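> After the structure tokens below, expect a handful of questions from me.
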Amino acid sequence: MDGAMRLPMKVSSATSNFMIGVTAAASAGIYLGRGDVDPTLVAPVALGVLAGAMLGARLLPRLANRQVRWIFLPCSW
């Protein structure tokens, strides 16, 4: 989205993350319902994802687009 549609990096990274999250949540529910997922293994990962998402949501407004680009696209330095 950043390259093809010329959206700001903050907008394109947030939109991509949201779409990946929606897809992952839908598939996780299906796998959990089928019994393919061990909740004792998944719980720590889910807590880490939650903590990272909360940190990122607080940090993103304070970062410039250039800094976000450096975080997500290290080859663009």
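The values are calculated or read from the model by the stated rules, or taken from the named source; none is laboratory data. Since the model is a prediction, treat every value here as computed from it, not as a measurement. Backbone-built Cβ (ideal geometry, glycine too); neighbour counts: all protein chains shown. For the accessible areas, the whole protein counts, side chains as well, though only heavy atoms, and no ligand, DNA or RNA atoms are used. Shrake-Rupley method; radii C 1.70, N 1.55, O 1.52, S 1.80 Å.
> How many residues are of a type outside the set (A, V, I, L, M, F, W, C) and more than 25 Å from LEU73 (Cα to Cα) when one looks only at segment 1-48?
11
> So which residues in segment 1-18 are loosely packed, with under 11 Cβ neighbours inside 10 Å and in a helix (DSSP H, G or I)?
PHE18
> Whether any residue in segment 46-60 is over 23 Å from THR15 (Cβ atoms) and in a helix (DSSP H, G or I) is what I want to check.
Yes, segment 46-60 has at least one match.
> Cβ-Cβ below 9 Å, separation at least six or inter-chain, first residue in segment 16-34 and within 28 Å of ARG69 (Cα to Cα), second hydrophobic (A, V, I, L, M, F, W, C) and outside any helix (DSSP H, G or I): which pairs?
Filtered contacts from segment 16-34: SER16/MET1.
> Out of everything in segment 34-64 that is open to solvent by less than 70 Å² (accessible area, probe 1.4 Å) and not hydrophobic (A, V, I, L, M, F, W, C), what residue ends up being modelled with the lowest pLDDT?
So the residue we want is GLY56.
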